[in-house]
Amino acid sequence: MTQKQSFDVLVIGSGASGGWACKRLAEAGLKVALLEAGRPQSFKNFTEHQPPFELKYRNLVPEVVRKTRPIQSEFDICTEYNYEWFCNDLEEPYSTPADKPFHWLGRLRMTGGRTNVWGRVSLRFSDFDLKSADFDGYGENWPLSYKDIEPYYDLVENYVGICGLAEGLAELPDSKFQPPMPLTCQELLLRNRAKEKLGWTVTPARSANLTRPLNGRGACHYCGPCERGCQTRSYFNSAFTTVADAIQTGNCTLISNAMVYRVLMDADRNRARGVLYIDRNTRQPHEIYARGIVLCAQAQESVRILLNSANRQHANGLANSSGVLGHYLTAHVRTGGGSGEFPTFDAKPTLGGPKRPLGFYVARFRNTKGGPRSKNFLRGYGFEGDTELSFNWSAPSFGETYKKALRDPRAQVNVQGFGEVLPRWDNYLEIDRKLVDHYGIPVLKIHMSDGPNEQAMIKDMAESAGELLQAAGAKNIRTFANPSAPRWAVHEAGIARMGNDPKKSVLTQFQQTHDVRNLFVMDASGFTSNPCQNPTLTIMALCVRSCDYLMDEMKRGNI
């Protein structure tokens, strides 16, 4: 079946980048079709205030979730509350080599994509990240600089709303901040001791949670479970922000339950003319056309589309004349860190009190521009952390003695590293020719493993976590350092990398494919490297910049 209506631009995916692409293009007057693999999101689905006793299984029977989401349920935020937002792993499988397990988590099938459940940590990259090859000699530099992205960081942050505290760090540029969420007393002690004894910076988490009202959205009211939605729209979710803005213009048409299979090419010229998608409900194929195609489906999903778009002229996958497409897969290592007990400072635990959505961040301190270099690994990592103030559930005795001991609070500070994975050719994706999903679309085979650099970094995460906690005077310090597999951070990137040389990259600095002028990929698959900072803020900033370029090229008649 063919969609007779033609559009200026097709945008595939409605998450962080897809939402911004629709908003930027539709508000400029272009006719946009937004193809989303999932169903529409609604405030009726949000359950952040619903107690577990109202659920059928009280959120106590994880086997119910695992029955259809055996992979997605490994993500701790996929629960009885929201598991139907995630893809059914049985219907949408993928494969891995037996000796390289990889959990592909956060595969959402709702408008808004991963922004429905993301962790919201929002950090800028710096030239230290974008030009890292100049510093340590490994890999490739990005084909752009911080100055190229900076105005787009400003634009995105002013709309999204990022809370945080300016620190003046060269390696972690400050954003356009709303006021920060306050640190706990334990975290203030950690912050002061870390700076005094180690020279490290502990700062309130830079988060896409509002602390002041913005554009009709309310400030965060500290209810806690952001991954179950937000009635006050206090955290950034593209479903009720950028996508809603785009639809409101009248220029954006949302097509839900559209599983994009491949990009369609003109037979007589090297130009994309549309996409073929499968309707999730009817499992029938449809074609839809436009002047420009923008893939924002999430890194692996966008590359899957390009690989499945192979044809006579592009035998190894569309936009893959370099042979690079699918290679250099990265995702942050996250299996090193620690915890320690702190004074309670007379704080009282509660089961019903306010719950801050995020805690603190420790900026990168290894292999910094002005600091000492590690002899064991390249690049670096930051720590995300929080404080747990809890009842003494392990208190001895019973009766009144137990009740009194139970209320004797325990304060624990936890830190977990998030570290850069070096881009390596042998971490890659390919199409598994022996397996298709429920919709008849060939699936991915994912090859991912830690190298010696990541292994050394994880070990250092544990050692430095102990050093940090000890400097703050923590007691009963415990550290951990485990192999990543199968659980890297849900920050995959780099498999359609940007670069100036078409022989070594897939995309230009404007995320335009070198091979097909009217085909763009605007998610994290274009990252030339994957710095230790969380990627979503940069995904959005780059997307807006690339959309401006796309519109300029359309005006010039080049697309």
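The values are calculated or read from the model by the stated rules, or taken from the named source; none is laboratory data. Please read all numbers here as calculations on a predicted model, not as lab measurements. We place every Cβ from the backbone using ideal geometry, glycine too, and count neighbours over all the protein chains shown. Each accessible area value is taken on the protein alone, full model and side chains, heavy atoms only, with ligands, DNA and RNA left out. Shrake-Rupley method; radii C 1.70, N 1.55, O 1.52, S 1.80 Å.
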message: I need every pair where a residue in region 250-263 that is polar (S, T, N, Q) has its Cβ under 6 Å from the Cβ of a residue that is open to solvent by 40 Å² or more (accessible area, probe 1.4 Å) and not in a strand (DSSP E or B), sequence separation at least 6 or different chains.
response: N251/K31; S256/P40; N257/R280; N257/N281
- request: Of the conditions (1) open to solvent by 20 Å² or more (accessible area, probe 1.4 Å); (2) under 30 Å from G526 (Cβ atoms); (3) in contact with a helix residue (DSSP H, G or I) (Cβ under 6 Å, 6 or more places away or on another chain); (4) not basic (K, R), D426 clears all except one; give me its number.
  value: (3)
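Determine, yes or no, whether Q416 is within 19 Å of the chain's Cα centre (by Cα) and not in a loop (DSSP other than H, G, I, E, B).
yes
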statement: Every listed condition ((1) in contact with a helix residue (DSSP H, G or I) (Cβ under 7 Å, 6 or more places away or on another chain); (2) farther than 28 Å from V61 by Cβ; (3) part of a helix (DSSP H, G or I); (4) of a type in the set (S, T, Y)) holds for Y159 save (1)
message: Anything in region 39-57 that is of a type in the set (S, T, Y) and without any contact (Cβ under 8 Å) to a residue 40 or more places away in the chain? List them, or say none.
response: S42, Y57
query: Does G419 satisfy the criteria of being surrounded by fewer than 16 Cβ atoms within 10 Å (Cβ to Cβ) and modelled with pLDDT of 95 or more?
result: no
field: Tally of residues being touching a residue at least 60 places away in the same chain (Cβ under 8 Å) and either in a loop (DSSP other than H, G, I, E, B) or of a type in the set (S, T, Y) (or both) across region 438-475
entry: 11
Residues located in region 308-322, provided they are in contact with a Lys or Arg (Cβ under 9 Å, 6 or more places away or on another chain) and open to solvent by less than 30 Å² (accessible area, probe 1.4 Å): N308, S309, L318, S322
message: Could you go through region 477-487 and let me know if any residue there is buried (at least 23 other Cβ atoms within 10 Å of the Cβ), in contact with a strand residue (DSSP E or B) (Cβ under 6 Å, 6 or more places away or on another chain) and outside any loop (DSSP other than H, G, I, E, B).
response: no
message: Quick check on region 192-200. Is at least one of its residues in contact (Cβ under 8 Å) with a residue 60 or more places away in the chain and either touching a Gly at 6+ places or on another chain (Cβ under 6 Å) or part of a loop (DSSP other than H, G, I, E, B) (or both)?
response: yes
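So which strands (runs of 3 or more DSSP E) are wholly in region 243-310 and hold at least 2 residues that are closer than 24 Å to G494 by Cβ?
Hits in region 243-310: 258-265, 272-279, 285-295.
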message: Quick check on region 48-76: of everything there that is in contact with a Pro (Cβ under 8 Å, 6 or more places away or on another chain) and in a loop (DSSP other than H, G, I, E, B), which residue is surrounded by the most Cβ atoms within 10 Å (Cβ to Cβ)?
response: E48
